Structures are given as structure tokens and as C-alpha cells.
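The values are calculated or read from the model by the stated rules, or taken from the named source; none is laboratory data. These numbers were taken from a predicted model, which means no experiment stands behind them. Using ideal geometry, Cβ is built from the backbone for each residue, glycine included, and neighbour counts are taken over all protein chains shown.
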Amino acid sequence: MTLDLEKLNKEQRQAVVLDDKNALILAGAGSGKTRVLTYRIAYLCQKKQVSPLNILAVTFTNKAAREMRARIEALLGFSTHGMWIGTFHGIAHRLLRQHASELGFDRHFKVLDQDDQLQLIKKVLQQLNIDEKFYPPRFIQGFINGKKDEGIRSVDINKHEVDSEILKIYQAYEVRLKADNALDFADLLLYAYELLQHNEVVRSYYQRRFQYILVDEFQDTNTIQYKWLQCLKTGDNTIMAVGDDDQSIYGWRGAKVENIQHFVDDFADVETVRLEQNYRSTQTILDAANALIANNMGRMGKTLWSQAPIGEKIALYEAFNERDEAAYIVGRIQALHQESKANLKDIAILYRSNAQSRVIEEALLQQGLAYRIYGGLRFFERAEIKDALAYLRLIALRGDNLAFERIVNVPARGIGAKTVDTIRQYALDHDLSLWQSACEMIENKVLSSRAAKPLQSFMDLIDEMASMQEVMDLGQLTRYVIDQSGLLIMYQSTNSEKSKQKLDNLKELVNAAVEFIPPMEAVDSADELLVEFLSFAVLESGEMQADENTDCVQMMTLHTAKGLEFPYVFMTGLEDGLFPSSRSIEAEDRLSEERRLCYVGITRAMKQLTLSFSKVRHQYGDVNYQIKSRFLHEIPSAYIKEIRSHTANKKPLGFGVSPFEFIKQQKEDNPFKVGEFVNHPKFGIGVFLKAEGQGDDKCYHIDFKAGGGKKVLLAKMAKLSKL
């Protein structure tokens, strides 16, 4: 089969037929980098007669590796079975299996996944008699993996630069791994580097073996991956790095954007080729993306352009609140699907935080539109949400055995599996619930004092939470439970993006509780309201999302969207503090990464792009006034079509109400006067300051002089009375 290079543009062809020299291919979004990589490998095999055995191709996902191999074989017309194509971890694993003995391992070593690693860390903490409350296992896991990604083992750490207990845990953990003939994921890369760094025979063999090394998504490499590649370079082989510094968005998990920037200096005689012609988006979308990313300093420089039509302007919707935002998006999707005959699978909704999905999911369900959370779970299916709901379920019904088992030791409070097994057996023997069994076993001293003490503390906590139902509304109770249970601090203790997402989800659960409206039948008590809310959560999680083969709207975080493309894209929540995130605003490097994330989101769109932000957003049960994202100010107005309000689709309560209608309605429907004294069952007497919003979002501003100062309460849950 003859390779047809005429299918490539000038710059793509230049990259494919490069002489034997190191190269940096700066591949802009939608510029055909996968085509360049596959054609380069096919060109080497077919035109330069290079054996596939002498080529190493590294990608970042198994899916990308499979796709690359399939496309290469289609171009060549024969199998590339012997070629080393895979992820960094996959190739490192293959390397270590062949050379385990050189590192003192049995070649049948096992690899721990993230959960296995966490369990081993917990065992090490128990072995060292270290309290998990002070040294949370997830924090330790993040610390160890972070050090290994930097190439730092416990013996390399200065004992004066880190907590002595953490260093002790790291040391004991490494000993335990060695004894168990096990490696964790970070070990795969680190041991592969150490093998190449310290074993000259092995290093020389692979330097000669791999005459051509190609690395995709180079901007996502971390420290140890970069060092690993440096070990393989010689004056006789060549390395082609393909990537885009403008799409480096994984700094929070160790990726170093500076690797792609340093490549030219660290790998001698590097030729740089820029792929700037975009085959995905309209020129208007590209112009907006170019203008945005130009605000980042230290870029390597690249301007995307297209031969496609200019296209329509980017729609920018200014919503009153997140429900209005969701209603507008769903209304536009309905129009695209019904009037423009667009397939739902061609429509994507992108958001910065997973927690933002809940309100949009609800709006889609109300309108009967199928959707799928790409690369994630629906809101009420997420583990941290199920944990919080389990606390509420046990408060509502002590006989809920599933809830009891789920959270009796979450967060860890010293109630081991053996104790739970003993309670379970007692319950079976005496036909009791787990809660009743625990009560009897404590009272009758069936359990040892060591086992009974943390169990009694847990049961006292549930009883205390339950007692707050009479003085708190549903939103306040949910917030109280998340705080007092320890779930909040469990995720606050680990400063990772994943933990932050879980925290955001827990806070969004409070919003769900605040906004909850029970069915039309009367709810006479706080107990009944809680039961109705829990039933609502079950029903919501029972609404199964569409499977992969169904025509459905695609929902995902902006990080998940990288590498994908859709004709119609909605980017939501463009507000300072949300996007860019609050943690990034004060740090220039983090802000630059957030801007790159916005750039990635914009360049996912092929035909139409809609951006949106809210003036008001509920966060952790509070009403916050939002500031339009600085990123929106960085996109020239010439590319934007502003939409300030929308009055269509007003039927679903709380959706689609314009700011103008809101102002009018709140004047017409206000039971309290400014300056009037009011009473609240928890906060006491206060002065009514103002009312704001309408419907589900109507809130009261009150100054409780003696009960906590100024507060904003949702009207429907405020339980205010006039004095």
C-alpha cells in the first residue's frame, strides 16, 4: 500500500518527512496531530524501511494507543504487533516485567490500583499506631504519589523538610510494598526511570533498540516521564515531541507545561514545526480562542486559522441564576433538536465543576431530554453524595441497615470490619436491625470497651443530628450533617482537584435540600419533609442516564472534554470564583492554566458555541452574587452576541425568569416591610432589610443582631413571623 502524502497540508507533510533529527511539533487544537503521528510512523516504515521493532510511540490513554495502532496498520496494510505503542505506564510495565530481577523484584509482581494503594496505606498506619484523623490516608497517598512523580523516594527526603511521622509512613509503606512484591502506579514510572538511569547495559540496549521515539500530548508529561525520556536519548536516535503548550491543563496532577518549553534546549538540534490550520471550528470560534489565550505569558506562539466559513457569533447568555441558566440551555437544545434537526449526541454541555451538573440534569429530565455524563456519574450516584444521604437516612430511620453499614466508619472513626461483622451476626441471631443490635451489645457489654466507645460516639452523633430537625430547616440540617459527620473535613484534608470536586458536590447537595419542594400533599413535620427529600433523591438516581448508543446530550467537565469535539457546545458558569476557580485567581500560574482550560473548552465547538454566566448562584445553601468571568472580558465583543434575558419556557417553576420579571414580582409579593422586626425559630429577633428574587429563589436579607448578624435566607424555608 502506497502512502499518499498529498492528503496532508504543507506543515503536516513537513513534520512527517523530517530528516533524522529531534523535532517539536506544536499542534494546535483540531490541527490533525494524530494524522501526523500515524503518517510519520507509516512513512518511517514504508519509505525509510525502518523496522516497527525500532519505533517507540507513547500516548497518554489506552484508547489513544489502540486508535494509533489501528490507523498505522490501515496505512501500512500489515500488523504492527511488535511495535511498542502504549501509555507511559503501559510501556514502563512492559519494561519492568522483562527486567524485574535487575530491580530485586520477582517478575510476577502485582500492581496496586488507587484503592489497593489506599488500603495498604491504612494498614501501614495501623501497624505504626498512627491516628488516621491526624494523618488522613488520602493525604498520605497524594503525598507519596506526588514525591514519586518528582523522582523522590523516602531516602531522598531531608528529615528536616517534612513531618517526621509522614516520612516514617512513607518509609514503612515502601518496605511493605517490597515485602509484598508489589508496585503502585507511580512506582511503574519511577522504577522504569531508575532501571534506565542506573543500569548501563539495559539503557544502552533500549537506546539502540528505539531509533525513533514519538511522544503524544507532550505538554502533559510530568517530571519523571521527562527524565525517563532523557535517559533514552543519544546522538544516534531521534525524539519527536508532539503537543500544545496552550492545552496544558493537568498541572494539578503533576503535568509540567515547562517540559514542552524546555524540550528545545534539553534535546539538541530540535526543529520546530507549527500546525496552525484547524479542521474543526469556524473562524469566529478560533478568533475568540486566539484572543483569549494571547493573555497568557511565556507561550511558544501559535495562531489557529481555518478555511471553513467565518460562522455565526458566539452567544453569551447572562442568566439571573443557575436555574435560569439551565432553562436557557435546555430551551436552546430543544430548538436545535426539534427545529434544526440536530442530533442530541452532537450537543455538549461543559462545566468547570461536577457539582454544576445537578441543576442542568434536573432541567433536562423535566423536559424529557436524554443525556449522559461523559466520564462520570450522575449527581445522586456519586459516592460522597451517597455517604451524606446515608447519614440523613439513618437520622430518618434508625433501622436502615444499608445506611448504617455505609457510614458507621465513614469517615474512619475506629470501628473496624470485625466489629461490624459481630453486630451483623448479633442482628441475624436476634432478628434486630443493626442499630438495635449495636444498642443492645453496648448496653449488655457484649463488645469490648475499645470497640464499644467509638460505636457509642457514632450513635450519639446520629441522635444529636436527629434532634436538630426541630430547629433547622432541611437545608440547614443537611449542611449541619455534612459538617458534623466529618465528611467535609475528610475532603478538605487533601488538597487535590478530585477532593475539591467532592467538596463542591457535597455543597451542592445542600443547595438541593434548600431548593427541595415536597409533593402537593401536605407535609406536617420535619421528619416527613426529610423522608420526602430522601425519596426524591432515590427517584432522581433511579432515572438512569442514557447508554452510550442512545442519541443523548453529552455532559462533562472541561477537563474531560479535552480531545473531543462537538458541533454544538454550551460552556456554563463563567464567573470569577467558579471559572476561573477561586483557588487560581491570586496565583498567576494557576490562572494561566485556567485560561488554557477555557481555551480548550472553546475549541471543542465546531459550528456553534454558547457561553453563559449567572448573576446569582446558590452555593452551600447561601445566595451569592457573582462577578462575570474575567475570561469573558478577554474575548473581543466583535465575536460575541449578548443575550441578556429570556422569557420563553417559563412553565417549570424557578426556570426561565428574567431579571426584569423578578424585580417586578418581588415588589408585588412581599409579606414583610423594610425595617420591620421579624422572628426566626433559631436566630431569634431580627430586622428585615430587603427581599430579593422570586419563586424558588426568593430570599430575605435580615440582620439578626444577637443571633449571628446579617443573613440571607430562602423565603420558602425561612419560617419567619412578624412581631
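Residues checked against (1) aromatic (Phe, Trp, Tyr); (2) part of a loop (DSSP other than H, G, I, E, B); (3) within 27 Å of the chain's Cα centre (by Cα):
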| position | (1), (2), (3) |
| --- | --- |
| ASP236 | no, yes, no |
| ASP246 | no, no, yes |
| ASP265 | no, no, no |
| ALA268 | no, yes, no |
| THR272 | no, no, no |
| SER281 | no, yes, yes |
| ILE285 | no, no, yes |
| ALA288 | no, no, yes |
| MET300 | no, yes, no |
From ALA64, ALA15, grab the single residue that is on the phi < 0 side of the Ramachandran plot and modelled with pLDDT under 95.
-> ALA64
Per the filter on the range 322-370, residues touching a Pro at 6+ places or on another chain (Cβ under 8 Å) and not in a loop (DSSP other than H, G, I, E, B) are ALA327, ASP346, ILE347, ALA363, GLN366
Condition check for SER467: surrounded by fewer than 18 Cβ atoms within 10 Å (Cβ to Cβ) and either assigned to a helix (DSSP H, G or I) or among the β-branched types (Val, Ile, Thr) (or both) = yes
So which of ILE395, ILE407, ILE415 ends up being surrounded by 19 or more Cβ atoms within 10 Å (Cβ to Cβ), outside the structural domain of ALA561 (by TED's automatic domain parsing) and either touching an Asp or Glu at 6+ places or on another chain (Cβ under 7 Å) or within 30 Å of LEU344 (Cβ to Cβ) (or both)?
-> ILE407
From the residues in the range 252-286 that are surrounded by fewer than 18 Cβ atoms within 10 Å (Cβ to Cβ) and under 16 Å from ILE224 (Cβ atoms), which one is modelled with the lowest pLDDT?
-> ARG253
Which one of these does SER499 not meet: (1) modelled with pLDDT of 85 or more; (2) not β-branched (Val, Ile, Thr); (3) not in a loop (DSSP other than H, G, I, E, B)?
-> (1)
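When you scan the range 371-417, how many residues do you find that are over 30 Å from ASN343 (Cα atoms) and either assigned to a loop (DSSP other than H, G, I, E, B) or among the hydrophobic types (A, V, I, L, M, F, W, C) (or both)?
Residues in the range 371-417 being over 30 Å from ASN343 (Cα atoms) and either assigned to a loop (DSSP other than H, G, I, E, B) or among the hydrophobic types (A, V, I, L, M, F, W, C) (or both): 27 in total.
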Give MET490, MET441, MET472 a once-over and let me know the one that is within 19 Å of SER525 (Cα to Cα) and either in contact (Cβ under 8 Å) with a residue 12 or more places away in the chain or of a type outside the set (Phe, Trp, Tyr) (or both).
-> MET472
Of the conditions (1) surrounded by 21 or more Cβ atoms within 10 Å (Cβ to Cβ); (2) of a type in the set (A, V, I, L, M); (3) not assigned by TED's automatic domain parsing to the domain that holds PHE218, the single one that LEU120 does not satisfy is (1)
Among what's in the range 554-588 and is surrounded by fewer than 18 Cβ atoms within 10 Å (Cβ to Cβ) and among the small types (Gly, Ala, Ser), pick the residue that is nearest to LEU609 (Cα to Cα).
-> GLY563
What tally of residues in the range 128-146 results from selecting those that are more than 22 Å from the chain's Cα centre (by Cα) and either modelled with pLDDT of 90 or more or buried (at least 16 other Cβ atoms within 10 Å of the Cβ) (or both)?
-> 5
Could you tell me whether any residue of the range 359-374 is closer than 21 Å to GLU575 by Cβ, of a type in the set (Gly, Ala, Ser) and touching a helix residue (DSSP H, G or I) at 6+ places or on another chain (Cβ under 9 Å)?
-> yes
Do the conditions hold for ILE72, that is, is it among the β-branched types (Val, Ile, Thr) and surrounded by 21 or more Cβ atoms within 10 Å (Cβ to Cβ)?
-> yes
Checked GLU194, GLU217 against criteria (at positive phi and in contact (Cβ under 8 Å) with a residue 60 or more places away in the chain); the one match is GLU217
In the range 178-192, what residues are part of a helix (DSSP H, G or I) and more than 29 Å from the chain's Cα centre (by Cα)?
-> LYS178, ALA179
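Among the candidates ASP269, ASP287, which residue alone is assigned by TED's automatic domain parsing to the domain that holds VAL36 and among the acidic types (Asp, Glu)?
When all the criteria are applied, what remains is ASP269.
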Of all residues in the range 174-189 being closer than 24 Å to LYS227 by Cα and touching a strand residue (DSSP E or B) at 6+ places or on another chain (Cβ under 9 Å), which is surrounded by the most Cβ atoms within 10 Å (Cβ to Cβ)?
-> ASP187
Check LEU24, LEU18, LEU44, LEU56 and return the single one that is farther than 26 Å from VAL600 by Cα, in contact with a strand residue (DSSP E or B) (Cβ under 8 Å, 6 or more places away or on another chain), in a strand (DSSP E or B) and assigned by TED's automatic domain parsing to the domain that holds ASP265.
-> LEU56
